[in-house]
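Nothing in this text is a laboratory measurement; each read-out follows from the coordinates by a stated rule. Note that this is a predicted model, so its numbers are computed, not measured. Cβ sites come from the backbone with ideal geometry, for glycine too, and all protein chains shown count toward neighbours.
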Amino acid sequence: MPGKFIKILSIICLQFLVSTQSFGLGVDELAGSHIGHMVTDDMLLNADKDPNNWVHYGRDYESTRYSPLTQINQENISDLVPKWNLSFGVIGAQDSQVMAVHGRLYVTSSHNKLFVLDGKSGDILWKYERSLPGDLGPKLCCGSVNRGVALYKDKVFMATLDTHMVAFSHDSGEILWEKKLGDYKTGEILTSMPMVINGMVVIGNSGGDLGANPGTIWALNPDNGEIIWKTHTVPMTGEEQIAKTWAGESWKLAGGTPWLPPSFDKETGYILYGVGNPVPDFDGSVREGDNLYTGSTIAIDPANGEIKGHFQYTPHDTWDYDGTNEAILITDKKGRKVWLHADRNGHLYSIDRKTFKCNWVTAMQRVNWVKSFDKNCRPEVNPDKRPTRGVETIDIAPTLGGGKEWHPAAYSKRTGYIYVPGIDMAMDIAAKEQEFKPGQWWLGTSVIRLHPGGGYVKAFDGTSGELIWMRSQNTPGTGGMLATGGGLVFNGDAEGFFRAMDDESGQTLWEYNVGSGVHSNPTTYMVGDTQYVAILVGPGGGSLWPLVYGEFFKNNNKGGGLYVFALHKK
């Protein structure tokens, strides 16, 4: 009885304190509120320490795609079963991934649809379907793709194909603001997942192959969408030293779009952005020089957008090798602070995060466009494999899809290995002169012929670059990677199999046929005491798909949906 009396008295005193100033607090208003599913700056900075949620493209700012969760592991993986699935109601390439915050999921589909879901049941809490312009289709390089949303405070941020950034209330789905960043009629679109860094929403543009100029990165105010700074990835304002790497005024039509999410180095304070290929893609005669900063990872000061350093993987790219793939930030077993980068040019790199110098480079599969590398991993090009006007250059390895396409690798803090989805194919190219027309393909080639080949998942030692194991497959590697503390590596393929492999040996431990090809990235999260693994299904998009899989799709479905798995007993 005395305890109950004290509790009642405490409540009365608290109410009195909140409603009066008589206690001499000296404030005119004493108020507060709670908003569920908030994403704080602390959550973003320490995402690598939080096993339950998935709040970044690569799970953490370092882009490791490593989750320490162990409930699903090598011993019980055979008990993994689908718990629920969701149809998106659209086909096309599903390039997105699930983001998870305190049991709530956020996922986009092709055609700029956004779904917010209960992570345990799959129930739709709210959804958004964007009305896209009717003339947008011809401006899309690689299908109506979207790679997902960014989450910050009480907002959800999605970039759209018609070059808008949209901010939603994460509870109601109400549009809080919308900002137009470019003009899709010129070929510029937005396909990337945004990223929140230092309290800003950061996004890069897409569409360089269709004449989108220039490559641009924006930093926006999350409260109202106002532009804080804007940085070009090529010398569009005429920076003398960079412009010298472009013959004449070719930098004015440069390309170099940064169309994948960046990493953020919390130690140096730099945003690490990958930059795409120069244009025209295959006719390099109109843009002699290294063509900076295309084919590079650039280090950006988030305070003002200034480019502070770079490493260029493919100077004077004439193969459409880009440089947009992720930079995975690690401290290797020698204590070096590096980024690992599996490039479309067929090589895996270790780059020092402070000096931007190369520690080592190794071929991921058959490569013949380069003869050798100097001490800083600058390539000496094989002239017989350089596309040239009026000549059909035969058997260039790898293809324009690369030794690794955009689908992200993962790095396991358990093993120290980087897991790479790859492509082992070659191509023939015949460069030609082509007039530039905004909003139209500007490839500079009359022939693109892909040779039959296959794909793989490979594990490389992140300290030395040594190949540890490989798992070959019938089709090019078109699914992103996930590594976990349970000793597992998850990945899906174009034939529709989602699988888990032993992270040390590559042995397949479990697989499930999702009924449609996988072109997306698995993620994992906890709701209550249950670990879930999520994967989008539905192939499509550009690059290799239309060329390689015409016959394949006669007997396979494209689909478009989401599968969520957990252990049978949970």
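Quick notes on this one:
- The label point for Ser121 and the one for Asp461, both projected 7 Å from the Cα toward the Cβ, are 5.1 nm apart.
- Averaging the Cα positions of each part gives two centres, and for the range 316-359 and the range 454-475 these lie 16 Å apart.
- With 24 Å as the limit on Cα-Cα distance, the pairs of Lys127/Lys569; Lys252/Lys404; Lys180/Lys230; Lys334/Lys354; Lys357/Lys404; Lys432/Lys554 that go past it are Lys127/Lys569; Lys252/Lys404; Lys432/Lys554.
- Along the axis of the charge dipole computed for the range 360-412 (Cβ charges of +1 for Lys and Arg, -1 for Asp and Glu, origin at the Cα centre), the listed residues Pro387, Pro398, Val361 are led at the positive end by Val361.
- Evaluated with a Cβ-only charge set (Lys, Arg +1; Asp, Glu -1), the chain carries a dipole of roughly 740 debye about its Cα centre, given to the nearest 20.
- Debye equation applied to the C-alpha atoms of the range 392-441, log10 I(q)/I(0) at 0.20, 0.28 Å⁻¹: -0.82, -0.99
- The range 294-392 - percent relative contact order, Cα under 8 Å, separation 6 or more: 18
- Asp183/Arg130 FRET efficiency (R0 22 Å; Cβ-Cβ; nearest 0.05): 0.85
- Degrees between helix 2-19 axis and first principal axis of the chain (Cα, 0 to 90, nearest 10): 60
- Label-point separation in nm, Asp529 to Glu239, each point 7 Å along Cα→Cβ: 5.5
- Euclidean distance between Cα centres, the range 361-413 to the range 159-205, Å: 33
- Counting neighbouring Cβ atoms within 10 Å and putting the fewest first, the residues Trp319, Trp441, Trp246 line up as Trp441, Trp246, Trp319.
- Two-site label geometry, Lys432 and Asn382: point separation in nm, points 7 Å out along Cα→Cβ: 2.6
- Seen from Arg130, the other residues with C-beta closer than 13 Å to its C-beta sum to a net charge of -1, counting Lys and Arg as +1 and Asp and Glu as -1.
- Order of Leu292, Leu114 - criterion: other Cβ atoms within 10 Å of each residue's Cβ, fewest first: Leu114, Leu292
- Here the residues Met43, Met99, ranked from fewest to most Cβ neighbours within 10 Å of their Cβ, fall in the order Met43, Met99.
- Sequence-separation-based contact order of the range 176-297, relative, with Cα cut under 8 Å and 6+ spacing, percent: 23
- Isotropically averaged projected area of the range 30-165, using the convex hull of Cα atoms (one quarter of hull area), nm²: 11.3
- Linear extension gain, Ile394 paired with Ser446, 0.36 nm per residue minus alpha-carbon span: 17.4 nm
- Cβ-Cβ distance of Lys413 and Ser472, R₀ of 22 Å, FRET efficiency by 1/(1 + (r/R0)^6): the value works out to about 0.25.
- Peptides 456-462, 237-243, ordered by how many other C-beta atoms sit within 10 Å of their residues on average, highest first, read 456-462, 237-243.
- Computed from the C-beta positions of Glu495 and Val27, the FRET efficiency with R₀ = 45 Å rounds to 0.10.
- The chain: relative contact order in percent, alpha carbon pairs under 8 Å with at least 6 residues between: 14
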